[in-house]
1. Every residue in region 123-143 that is outside any loop (DSSP other than H, G, I, E, B) and of a type in the set (A, V, I, L, M), please.
2. Among (1) over 31 Å from the mean Cα position of the chain (by Cα); (2) farther than 24 Å from PRO52 by Cα; (3) part of a loop (DSSP other than H, G, I, E, B); (4) modelled with pLDDT of 95 or more, which single condition is SER146 missing?
3. Any residue in region 530-544 that's within 21 Å of ALA604 (Cβ to Cβ) and modelled with pLDDT under 95: show its pairings with residues that are of a type in the set (Lys, Arg) and in a strand (DSSP E or B) at Cβ separation under 9 Å, as long as the two are six or more apart or on different chains.
4. Please pick out the residue among LEU675, LEU687, LEU648 that is among the aliphatic types (A, V, I, L, M) and over 21 Å from ALA637 (Cβ atoms).
5. So, in region 607-618, of the ones that are crowded, with 21+ Cβ neighbours inside 10 Å and not hydroxyl-bearing (Ser, Thr, Tyr), which residue ends up farthest from MET139 (Cα to Cα)?
6. Limited to region 93-151, what total is found for residues that are surrounded by fewer than 17 Cβ atoms within 10 Å (Cβ to Cβ), of a type in the set (Val, Ile, Thr) and either touching a helix residue (DSSP H, G or I) at 6+ places or on another chain (Cβ under 8 Å) or under 30 Å from ALA193 (Cβ atoms) (or both)?
7. If I filter region 447-466 for residues that are of a type outside the set (A, V, I, L, M), over 27 Å from SER575 (Cβ atoms) and assigned to a loop (DSSP other than H, G, I, E, B), do I get at least one hit?
8. Residue by residue through region 649-687, note down the ones that are under 14 Å from the mean Cα position of the chain (by Cα), outside any strand (DSSP E or B) and not charged (D, E, K, R).
Amino acid sequence: MRVMTKLTVTALVLGVAAFLASPPGDASQLPGASVQIDRDDIGGVVTGPRGPEAGVWVIAETMDLPTTFAKIVVTDDRGRYLLPDLPEGRYSVWVRGYGLVDSSKVPAVPGRTLDLRATAAPTAAAAAQYYPPIYWFSMMHVPAASEFPLPKIKSQGEWLNIVKTGACQSCHALGTPGTRTIRKELGVFANAAEAWQRRLRSGQASALMARDITRLDTQRALQLFGDWTDRIAAGELPFAIPERPRGIERNVVITQWDWGHPTAYLHDAVSTDRRNPGVNANGRVYGSPEDSSDFVPILDPGSNTASEVLHPVRDPNTPSTKTNSMAPSAFWGADPIWDGRTLNHNPMMDEKGRVWFTPRVRPDANPDFCRQGSEHPSARAFPLEQSGRHLSMFDPATGTFTLISTCFPTHHLNFASDANQTLWTSAGIGGPGVIGWLNRKMFEETHDEARSQGWTPFIVDTNGNGKRDGYVEPGQPSDPAKDTRVAVNTYAVSVSPADGSVWGTVVGYRGYIVRVAPGPDPTHTALTDIYEPPAPGFGPRGGDVDGSGVYWVSLASGHLASFDRRKCRTTAKPSADGRQCTEGWTFFQLPGPQLKDVTDPGSAEASYYTWIDRFDVFGLGRNVPIAMGNLNSSIFALVNGRFVNITLPYPMGFFAKNVDARIDDANAGWKGRALWSTYGTRTMFHLEGGTANRPKAVRIQLRPDPLAR
């Protein structure tokens, strides 16, 4: 086990920026040279009271297009900027940066040079309003490690796991304007703890918030939340200050489009086939609105148009989130804003450009072929009574959906590259303890959804004979002649390009990662390895496997971790408790401050997911892991052991559930390739702009220097 800690942006500049330095002799990079622009660019110099402002953002936004459009770049070390390839329109242009307040918005059109004047923050409090949420969240007090065990919680790590991506911050960040303050519309209360108790009853996710606060020492947690917002209301400011982008971090071009509805939120977006980033070049991007709506948002970046399509259900009796119990919201009032039957969670694209989703298409009760007494091979081996999400496929060529009722619950999904084009799924946080799949080749040939699907429980080869045998159930005494079933449900799912094994995460404290080797008949041959992260790591959420078979995972401990099974001293007789192969783990501390009451290594960051750029689409190298920086309003790319921190500053509070990467034109350099994502928070109204906000589709490109056109 290796632990990499205290990685700073300064170290990043020394280790990474050199390989993308500006060519010597480039006139646009010489002192005093003007910024060269084309007819569709805006460029100039940003200056402040002390001269050129380096590492600040320049934002150009227009409402002249079919949907609101913004482009964001970063100034170079001489304060110069260039906003490239702007569609025709009237733009508002302004400067944002740490140590500043937003400058006045200046009207502009492409093809003009525009020098801008930055506005220094008059006070530390004014400057802090532009900090990412982590700088405010890290002010929150948590019980000291010496205070545990508490009645419901055994350790500080378990507490943090719940407050971070194990529960609270899997849906939105803490530290945004809407969470670090108590709105007067919420009501009048005797103290802040009571205000928080009422706040957690607001809106249609109140049942989840009530569940999770009661997993903690409830009154202690409410008091700590209340103390946090009380101290902020009294004027206390973050103890840490963010650094401006440096080096390669200044080379990004961020483009954003509004899509969806103000009352909706998005979980994920997809632009291409995970296995071939050239699929759907220059095509539309699709989102998944989870609990909020049944309308799938669609972005056409070529025409800057946002549209939507209604995702159907098979059974009209499928319930809706509109009936979820709730108390009135301080933002939206007493009426529910969600109305979703499909709970459409995650999209993936196949090689034909069709989009596959994990929606609910019917009520939870399973059909007879899934249950005890069925002749279905998987039901005979492990019958299932219900499933809360299923599968669907949208064909853009025909505008039609195909709905697939699965016996197993779905959450995330990923395609294998095998002859059957197998679509593997995860169950999510809870479930019956199986992994399910669809034989896509068989389904498309026969349209027989029952015959084309299968599932299996997670069986560990604890007798060490290399094959699957009869097994003992969880909690039963071990039997040296048998294998062991483990009662887990995977959250993430990814297929290894190295050997076809299927990897996933098990959310919890300390949590696990799992590897499933399907074998020739997965219902009867699949074997599972399970690995628990050792200290200082805990709390897996989302992960991905690279081209060499190394698994990368975001941890609630504030780390990105890698697990290399090839480093295991032995894999001959695996353990069912996961406490094995600690030598396979390496931990990389994520950027940002740690919570003040936490002395263990890590960061206050609550990274939701990690994705691997297997094909070097973004331009930082093959198999570069990209972790979501959910509290840093960022994504983090790990390059040569150091993080590149790419911040999305407007609106501050970018909360990505994942990214993907597409090549639109392999011959167009940086302009022909990009990362794609979406603001994935459930509460866009917690950010600047409030209830007027819509979700935003995001494209992130990396050019060779900050002035590249």
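1. Passing the criteria: ALA124, ALA125, ALA126, ALA127, ALA128, ILE134.
2. All conditions pass for SER146, except number (3).
3. Once the first residue is within 21 Å of ALA604 (Cβ to Cβ) and modelled with pLDDT under 95 and sits in region 530-544, no partner that is of a type in the set (Lys, Arg) and in a strand (DSSP E or B) comes close enough.
4. So the residue among LEU675, LEU687, LEU648 that is among the aliphatic types (A, V, I, L, M) and over 21 Å from ALA637 (Cβ atoms) is LEU687.
5. This residue is VAL617.
6. 1
7. Yes: one or more hits.
8. Answer for region 649-687, where residues must be under 14 Å from the mean Cα position of the chain (by Cα), outside any strand (DSSP E or B) and not charged (D, E, K, R): GLY653, PHE654, PHE655, ALA656, ASN658, VAL659, TYR679, GLY680, THR681.
The values are calculated or read from the model by the stated rules, or taken from the named source; none is laboratory data. Please read these numbers as outputs of a predicted model, since none were measured by experiment. Please note: Cβ atoms are built from the backbone with ideal geometry, for glycine as well, and neighbour counts cover all protein chains shown. Note: areas computed on protein heavy atoms with side chains; ligands, DNA, RNA excluded. Shrake-Rupley method; radii C 1.70, N 1.55, O 1.52, S 1.80 Å.
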